[in-house]
């Protein structure tokens with residue numbers, strides 16, 4: 001079983017190094033390639049495909065590719081940002097909408113039942129159920 005916190009904090013998926021130890025690489029640190037949206041990881045020696053939609057995530061993951069998601073779309077981002085001090089109503093509403101956007105993203109992924117990272121998807125599904133039960137009624 002993958003480490004739950006690593007799953008929730010990871011930007012890189014479908015990589016042999018992603019969840020046992022949180023992948024040390026970030027998209028910005030990967031080597032450029034000649035293909036836009038594709039970089040090379042020197043740690044795992046694989047191409048990594050940057051995805052921006054649940055459909056791309058599933059397509060590339062099911063094809064066996066390592067995928068990188070937006071840094072603000074990690075499963076741990078399903079919870080609204082916590083604030084110190086006195087945030088305005090507008091700040092709180094923006095944080096709540098950002099969390100809901102990530103919940104919808106992961107709900108689309110989980111409901112589509114991707115054929116990769118099944119144990120990690122169970123972790124995400126549990127997190128999603130606790131944050132957004134409306135997707136699993």
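Every number in this text was worked out from the coordinates using simple rules, so none of it is lab data. Only a predicted model underlies this, so the values are computations on that prediction, with no experimental measurement involved. Because the Cβ atoms are built from the backbone with ideal geometry, glycine has one as well, and the counts that use them run over all protein chains shown.
Checking each residue in the stretch 112-128 for being in contact with a helix residue (DSSP H, G or I) (Cβ under 7 Å, 6 or more places away or on another chain) and assigned to a helix (DSSP H, G or I) picks out 120, 121, 123, 124, 125, 127, 128.
Looking at 59, 81, which one is surrounded by fewer than 17 Cβ atoms within 10 Å (Cβ to Cβ), within 22 Å of residue 128 (Cα to Cα), free of Cβ contacts under 8 Å to residues at least 40 places away in the same chain and in contact with a helix residue (DSSP H, G or I) (Cβ under 8 Å, 6 or more places away or on another chain)?
Working: 59 fails: in contact with a helix residue (DSSP H, G or I) (Cβ under 8 Å, 6 or more places away or on another chain).
After ruling out the rest, the residue left standing is 81.
Cβ-Cβ contacts under 9 Å between residues 6 or more apart (or on different chains), taken from a first residue in the stretch 116-132 that is on the phi < 0 side of the Ramachandran plot and without any contact (Cβ under 8 Å) to a residue 24 or more places away in the chain to a second residue that is exposed (fewer than 15 other Cβ atoms within 10 Å of the Cβ) and part of a helix (DSSP H, G or I), are listed as 125/136; 129/136.
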